[in-house]
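Only one structure is covered here, and it is reproduced in the block below.
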Amino acid sequence: MSISRRTLLRNTAALGAFAGAGLPHIWIKNADLAYAAGGEIKVGVLFSLTGTTAIIEESLNKATLLAIEEINAAGGIKGSKIVPIVEDPASDPATFSEKARKLVVGDKCVSVFGSYTSASRKAVLPVFERQNNLYWYPTLYEGRECSKNVIYTGAVPNQQQDEFVPWLVKKFGKKFYLIGSNYIYPKEENNYCKKLLEKLGGEVVAEEYVPLGHSEFSSVINKIRSTQPNVIFSTVVGDSVVALHRQYKAAGLDPEKMPMASLTTSENEVAAMGGEAAAGHFTSAPYFMVHKSPENEKFVEAYKKRWGADKVTHFVSEACYFQTYLFKQAVEKLATSDLTPPNIRDAVKGQSMIAPQGKVQIEPENLHTWLWPKIAQAKSNGQFEILVEAKDWLKPVPYAAYPGQSCTEKGLVEKS
Amino acid sequence: MDQFIEQIVTGLSIGSILLLVALGLSIIYGSMGIINLAHGEFVMLGAYAAWVFHTYLGLGLLASLVPIFLVVAAFGWVIERYVLSLLNNRPLDTILATWGVGIMLQQAVRLMVGSELRYVQLPPALADSMNVFGIPISSYRVFLFVVSIALFGATWMLMNRTTVGMKLRAIIQDRSVAASFGINAKRVYALTFAYGAGLAGLAGALVSPLKSVSPDMGTGYVVDAFMVVVLGGVQSLAGTVASAFILGELSGGIAFLQNDTVAKTIVLLAIVVLIRFRPEGLFTARVRA
């Protein structure tokens, strides 16, 4: 068999093409370099600027951009600037997923900061898992998730309730009225609350869910009157929080005897309902705007200077702010050629920093965050007064309500 | 027994808010046959107007009611004059046009004042609660009840005891014949639409201290308003009142016995079933065929 020059050329070309397609690390290596091309590190910022949840997500967008601007002004990350690519997913889970794909596949962002609602996080999850990219989720949420492609910097139920519920029982009594908006977050929080109450010998007089965006609470208030609970445990979200507080106040109920204990009422909602409707009620969260620490003073001052003196910071915008710094710390640990989403994920494990709320750390096992639970009471001036600060930071346990399950580095593990 | 009375009073209060929100729509839909999907945005504009008057001019809610009515009515007039009347008020075209106007208003507010929730103060004099039949109820809710009945009364008088109302009723019966009698239908339509829009604006301002103010708050109200008007029967003002209170009692009662999610579902289902068997609604004005 003779080999002509032509066949040899053809075969070599075919081999070359095969090598290109068949040895993918060559291409991935090139793609890696693209993540830090030209002294720029591209990240996505995916918070709704329009639609129903824009009310809160706008402030998350602002806190994230503030942190990015600060990092860039201080010289960037090892000389590279962070370039935020802002998309508006319009409060719609389908749009979230579409924009996430655009940021990850089209823009080649090395990480995306985004989402307020669980629905939108669940919608983008497949994108990040399939592309093996990294999503930074700042919101307190219901737990029960164990993705290797999400860094969770908000509180999970055990971090909001372990201190809070026993404190409420001790201070006000054992009869709880559980009210929430009708979706997964309030149901999971109440699930955990019921478990805690069972241990404490508490009693749930009612568990009730109102439609999202609901604003007529007079029948709920009648029920509260007739069941006379010691505590109204509220996981109502969005503008419903405002309506519930205002109607509670207008109906002449007394927060000293029957306070609302909320996991969702932040400075943002208090500003909208007015201090007089918020005064006397309680919230549990890792961060409040009045928290005294040099880091928080710096954060609040910078936020107001950048976005307006009437603006407030709250427990989700604080997480947006510090998670951007954690991203920076993780990237700093990596060589430019190693800059990939999975490497950032591995680098951020165990990373800690002094956030406005105190020292926070990413738990290597489950990629959630060690936080500092606090209990605060709203005042008529629209701010909170912190009554209880946890003595120690609290480990995130995303499956706290499900004793057999735990989130580990290998993923969700079920103990039988 | 106490609970029963309490629940009846609550239902009246919910009903009065429904009536407030639906009254403007009832005029526009009932009289002009225009399905005004921007109704919710007029409600929203009213709420924002209350916020603007309070924040920038220091006016209390009660003092700003009349200016709010005028401002939103002026908006309505402009939209009728420069959008709807150019479409000759054709029902299908106006659905699309009003929907578009609604979206534009929403986005305009979002762009101009931002999308965060806004705060409208409860008038301090009405901030307490009072006893009605031994039942503690918010003074402001009692006030809303009185205002909604008064506005209904005013609207009824306007329709049935004034020249403008008479002209409008003539146009409803037959536009061309009315025009041949020298009635300027265009002008009457513009005024009616403005009046309906003004009422929606008032409703928005009045409910804002109990609820919340945001650019998309109108979406919920427009659904409520259509439910009331459709159930009550188009062209029947009294029907609107009756249906507002029926819906108020029904949703309040079911919410008490079950919860608000169930109440919403059952009420919607009941309306759908009822419309199947009485497409004209519960109450219909007698119109010559």
15 Å beta-carbon shell around residue B:16, net charge (K/R +1, D/E -1): -1
Accessible surface of residue B:2 - all protein chains present, 1.4 Å probe, nearest 10 Å²: 100
Gap separating the Cα centres of region B:228-269 and region B:64-98, nearest whole Å: 27
Value in Å of the Kirkwood radius, where region A:39-82 supplies the Cα pairs that are averaged: 11.3
List of region B:1-33 residues, accessible area with partners at least 10 Å² below that of the chain alone (1.4 Å probe): B:3, B:6, B:7, B:10, B:14
Cβ-based charge dipole, chain A, positive-most Cα from A:211, A:192, A:230: A:192
Magnitude of the charge dipole, chain B, Cβ model with Lys/Arg +1 and Asp/Glu -1, debye to 20: 980
Computed helical MRE - 222 nm, chain B, DSSP H runs ≥ 4 contributing -39500 (n - 2.57), nearest 500: -24000 deg cm²/dmol
Whole-Hz ³J(HN,Hα) from phi, Karplus 6.51 cos²θ - 1.76 cosθ + 1.60, for region A:173-185, glycine and proline x: x, 9, 8, 10, 10, 9, 10, x, 7, 8, 7, 5, 4
Using θ = phi - 60° and Karplus 6.51 cos²θ - 1.76 cosθ + 1.60, couplings along region A:147-160 (whole Hz; Gly, Pro as x): 9, 8, 10, 10, 9, 9, 10, x, 7, 9, x, 5, 6, 9
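What's the magnitude of the charge dipole for region A:159-285 around its Cα centre, counting Lys and Arg as +1 and Asp and Glu as -1 at the beta-carbon? Answer in Debye, nearest 20.
Charge dipole, region A:159-285, about its Cα centre: 440 debye, nearest 20.
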Gyration tensor verdict on chain B (Cα atoms; rounded if a/c is under 1.5, prolate if a/b is larger than b/c, oblate otherwise): oblate
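Can you give the % of DSSP beta bridges in the protein assembly as shown that are antiparallel, to the nearest 5?
Here the antiparallel bridges make up roughly 45 percent for the protein assembly as shown.
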Residue A:91 long-range amide H proximity, modeled H, under 5 Å: A:48, A:49, A:50
Nonlocal amide H pairs with residue A:150, under 5 Å, H built at 1.01 Å: A:135
Solvent accessible area, Å² - residue B:70, 1.4 Å probe, full protein context: 100
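How much of the accessible area of region B:2-277, probe 1.4 Å, is carbon plus sulfur, in whole percent?
71
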Value of [θ]222 nm, deg cm²/dmol, for chain A, DSSP H segments ≥ 4, -39500 (n - 2.57) each, nearest 500: -13000 deg cm²/dmol
Candidate aspartates and glutamates - alpha carbon under 14 Å from residue A:102, same-chain residues fewer than 8 apart omitted: A:87, A:88
Under-22-angstrom lysine pairs by C-alpha in region A:346-416, whenever the two are 8 or more apart or on separate chains: 10
Residue (of B:170, B:5, B:25) at the positive-pole extreme of chain B, dipole from beta-carbon charges: B:170
Dipole of chain B [Lys/Arg +1, Asp/Glu -1 at C-beta], most positive-end residue of B:181, B:236, B:197: B:181
Separation between Cα centres of region A:205-241 and region B:124-198, rounded to whole Å: 33
Solitary cysteines of chain A, where the nearest other Cys Cβ is not under 4.7 Å: A:109, A:193, A:320
Between region B:1-22 and region A:130-197, the alpha-carbon center distance in angstrom: 35
Interchain or long-range residues, amide H under 5 Å from residue A:405's placed H: A:415
A versus B: buried accessible surface, summed, Å² (probe 1.4 Å, to nearest 100): 2900
Residues of type lysines that residue B:186 reaches as a straight line, Cα spacing below 26 Å, ignoring anything fewer than 8 places off in the same chain: B:167
Pair-distance profile P(r), taking every C-alpha pair of the protein assembly as shown, with 10 angstrom steps and integer %: 3, 14, 22, 22, 17, 12, 6, 3, 1, 0, 0, 0
Per residue, in Å², the accessible surface of region B:2-277 once ligands and nucleic acids are set aside, probe 1.4 Å: 41
Convex hull volume of chain A per residue (C-alpha atoms, cubic angstrom): 158
Percent of Cα pairs exceeding the 28 Å cut-off, where the set is region B:4-156: 31
Rounded if a/c under 1.5, otherwise prolate or oblate - region A:159-285, Cα gyration tensor axes: rounded
Accessible surface, 1.4 Å probe, highest first, among residues B:188, B:272: B:272, B:188
Cross-link partners of residue A:199 among lysines (Cα-Cα below 18 Å; sequence separation of 8 or more within a chain): A:170, A:171, A:174, A:175
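The values are calculated or read from the model by the stated rules, or taken from the named source; none is laboratory data. What you are looking at is a predicted structure, and each value in this text was computed from that prediction instead of being measured. In this analysis, Cβ positions are derived from the backbone assuming ideal geometry, glycine residues included, and neighbour counts consider all displayed protein chains. Note: areas computed on protein heavy atoms with side chains; ligands, DNA, RNA excluded. Shrake-Rupley method; radii C 1.70, N 1.55, O 1.52, S 1.80 Å.
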